[in-house]
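Take a look at the structure set out below.
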Amino acid sequence: MEQLSVFDVFKIGIGPSSSHTLGPWKAALRFREVLTSYDFDKVSIELFGSLSKTGKGHKTDIAVQLGLLGFNPETINSNDINDILEGIKTSKTLAFKSNVISFSPSEDILFINSIHAAHPNVLSFRATHKGSQVVKQTYCSLGGSFIKLIGELSEVNRNHVLTYPIEKGSNVLEHTRNSGLDFWEVVYKNETCLRTSTQVDNQLNDIYQTMKSSVYQGCITEGVLSGGLNVKRRARALCSKLLEAHQYKTIDAWETALRKTPLVFDTLHTWISCFALAVNEQNAAMGKIVTSPTNGAAGVIPAVLLYHQYFVKNDDFDDVKKFLLVAGEIGCLFKKGATISAAEGGCQAEIGVSSAMAAGGLTACLGGNTEQILMAAEIAMEHHLGLTCDPIKGLVQVPCIERNSMGAIKAIMASNLALNGNPADAIVNFDQVVKTMWETGLAMNSSFKETSEGGLAMNVPVSFPNC
């Protein structure tokens with residue numbers, strides 16, 4: 001069985017896209033390391049398929065430049081990115097460990113609209129010396145910032161023996177019944193096969209703190225998102241309306257203030273939308289977020305998790321751990337049994353999966369058993385089946401940002417239905433919906449798979465240069 005970790009699903013990085021930004025960025029970093037073994041004076045990059053058709057909007061060309069320079073998406077200061085890019089443009093060079101080469105983004109990054117045989121998201125790196133090729137590598141960007149070098153057997157190579165091997169939802173049911181452990185405990189046992197319990201807890205806390213920070217930053221930032229669509233940020237205005245006269249200058253003060261807001265349906269509903277919008281406005285602005293399971297769907301899980309933490313249980317890290325472990329494993333199950341790439345499966349593979357993850361995590365925190373957790377995840381995905389990916393001008397803005405709010409609300413409703421239902425009466429089970437999502441994605445017209453060649457992308461008349 002494929003040995004995925006919840007930290008393969010939850011990764012700290014930069015927006016706007018896990019498949020079109022972070023994946024190519026990671027591929028460029030890997031190619032940079034390969035180049036240390038070669039003499040070269042030129043590097044070029046070819047972007048195929050969806051990476052080409054929506055690459056400008058998703059900042060793919062920016063990502064490969066930053067990766068080739070050696071910047072890490074997890075640690076880079078996003079405020080420095082424009083200056084770094086301007087330096088490349090002005091100097092027309094790229095600096096490597098061994099030498100500095102001439103480089104022109106407009107000439108050396110090539111957008112090839114044809115689909116590569118290997119995958120909808122493919123990019124090739126080529127290095128030459130005096131006109132002769134010295135090394136070439138071609139990568140698939142598989143969604144969720146997973147990448148695979150063509151020729152490798154798997155994008156994740158591990159040889160650890162897991163206590164509870166999991167390939168399907170039915171495996172989780174079997175393990176919890178036989179062991180007497182809860183869903184989250186089974187996942188935790190597996191994670192401690194890969195790292196120490198202290199490392200697991202610390203990484204989960206880092207994920208949680210980054211999620212909170214991305215919500216907060218989105219809630220205090222106003223303005224218009226770059227890219228040409230003139231999309232106005234809305235989270236700041238929503239947050240200010242909800243908090244009314246409360247004053248805050250730090251994230252702690254902000255948290256204290258929002259906990260005092262009335263716990264009525266309309267207010268809670270608006271907070272959930274605000275949290276989701278905040279994260280994905282940050283994502284669209286190349287801010288730091290947590291891929292969960294993708295960047296375009298990064299707002300769903302923070303919105304549902306913070307709803308639970310702020311308005312249901314009042315911030316208990318044990319619940320954070322439980323939520324993230326269960327949600328992360330559900331994301332792994334979709335990755336194994338279907339896809340988390342919109343270029344392969346449409347937006348059902350991103351917002352749909354994130355909603356299922358959030359529904360499962362919330363259900364676990366509210367006392368649901370394994371059957372109810374899987375039922376909640378199934379319900380959430382069932383009502384995202386067939387959701388297309390048709391971003392206007394390839395930007396992760398319209399309809400992507402609002403979809404995170406919708407996915408969060410559906411996750412909470414799915415959890416409610418599962419907790420108040422009987423899984424034994426369910427007509428559809430979790431593994432069946434995973435299989436159905438994959439088959440739906442395969443049948444979906446390619447124009448609705450992150451190409452900006454169908455749906456809203458074709459019917460909303462916008463025109464501006466360089467996108």
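The values are calculated or read from the model by the stated rules, or taken from the named source; none is laboratory data. Remember, it's a predicted structure, so these values are computed and weren't measured experimentally. When we count neighbours, we look across all protein chains shown, and the Cβ atoms used for this are built from the backbone with ideal geometry, even at glycine.
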Of residues in region 254-263 being at pLDDT below 95 and hydrophobic (A, V, I, L, M, F, W, C), the one surrounded by the fewest Cβ atoms within 10 Å (Cβ to Cβ): 263
Qualifying residue in region 226-243 (condition: in contact with a Leu (Cβ under 9 Å, 6 or more places away or on another chain), surrounded by 17 or more Cβ atoms within 10 Å (Cβ to Cβ) and free of Cβ contacts under 8 Å to residues at least 12 places away in the same chain): no
Single residue of region 167-226 satisfying the filter (among the small types (Gly, Ala, Ser) and part of a helix (DSSP H, G or I)) that is nearest to the chain's Cα centre (by Cα): 214
Region 113-130, residues that are part of a strand (DSSP E or B) and either within 25 Å of the chain's Cα centre (by Cα) or buried (at least 21 other Cβ atoms within 10 Å of the Cβ) (or both): 121, 122, 123, 124, 125, 127
Helices (runs of 4 or more DSSP H) completely within region 1-75 that count 1 or more residues being over 15 Å from residue 121 (Cα atoms) and not assigned by TED's automatic domain parsing to the domain that holds residue 284: 6-9, 23-34, 60-68
Pair list, Cβ under 6 Å, 6 or more apart: region 119-147 residue over 23 Å from residue 442 (Cα atoms), other residue of a type in the set (Phe, Trp, Tyr) and buried (at least 17 other Cβ atoms within 10 Å of the Cβ): 125/31; 127/40; 129/40; 134/40; 137/31; 137/125
Residue selected from region 33-52 under the condition of a type outside the set (S, T, N, Q) and closer than 20 Å to residue 286 by Cβ, by the criterion surrounded by the fewest Cβ atoms within 10 Å (Cβ to Cβ): 45
Residues satisfying the stated conditions in region 160-176, i.e. surrounded by fewer than 17 Cβ atoms within 10 Å (Cβ to Cβ) and either without any contact (Cβ under 8 Å) to a residue 24 or more places away in the chain or in contact with a Pro (Cβ under 9 Å, 6 or more places away or on another chain) (or both): 171, 174
Considering residues of region 372-407 that are among the aliphatic types (A, V, I, L, M) and not in a helix (DSSP H, G or I) only, the residue surrounded by the fewest Cβ atoms within 10 Å (Cβ to Cβ): 385
